[in-house]
Amino acid sequence: MGVEKSHRLLIEEWIESWNSRDLDRIMAHYAPSVEFEANTVVRRWNRPDGRLHGANELREHFRIGLELAPKLYFELEEIFLSPSGYAVLYRRDNGNRVLDVVELNTNQQAVNVRAYYLGEQA
């Protein structure tokens, strides 16, 4: 299977895992050593650099996010590919547009993620 097709399938599964609100399924997409950066981290954790380190911190961040958004839904808009990963543009249930830039490991799990929000996100 080509990189483009494998990344597309991976991203579609990631979107479905969020839309099903299944935290275990969501976390399966992230490596244990994942580094995650987002404005939501600054607000929720009072971390000026916006960074989380490792799957345990990320899991708690996502758990809180699911609580804050009981009607959470992602709609895929665009996929941008690179040899080491992808960027995915999607629209949230609240109308906010988000761009996640993702670097993958050899197991096709996210090891480095940066989330960019068009508007404010809690």
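The values are calculated or read from the model by the stated rules, or taken from the named source; none is laboratory data. If you're wondering where the values come from, they're calculated on a predicted model, not measured in any experiment. Every residue, glycine among them, receives a Cβ derived from its backbone with ideal geometry; neighbour counts consider all protein chains shown.
A compact table of results
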| read-out | value |
| --- | --- |
| Test: residue in region 62-78 that is surrounded by 18 or more Cβ atoms within 10 Å (Cβ to Cβ), farther than 22 Å from S6 by Cα and β-branched (V, I, T) | no |
| Considering residues of region 1-32 that are small (G, A, S) and modelled with pLDDT of 95 or more only, the residue surrounded by the fewest Cβ atoms within 10 Å (Cβ to Cβ) | S20 |
| The lone exception for V101 - which of (1) modelled with pLDDT of 95 or more; (2) outside any strand (DSSP E or B) it fails | (2) |
| Criterion: at pLDDT 95 or above, in contact with a Lys or Arg (Cβ under 6 Å, 6 or more places away or on another chain) and at negative phi - qualifying residue of E75, E35, E57 | E75 |
| Residue match in region 104-111 (condition: without any contact (Cβ under 8 Å) to a residue 40 or more places away in the chain and not aliphatic (A, V, I, L, M)) | yes |
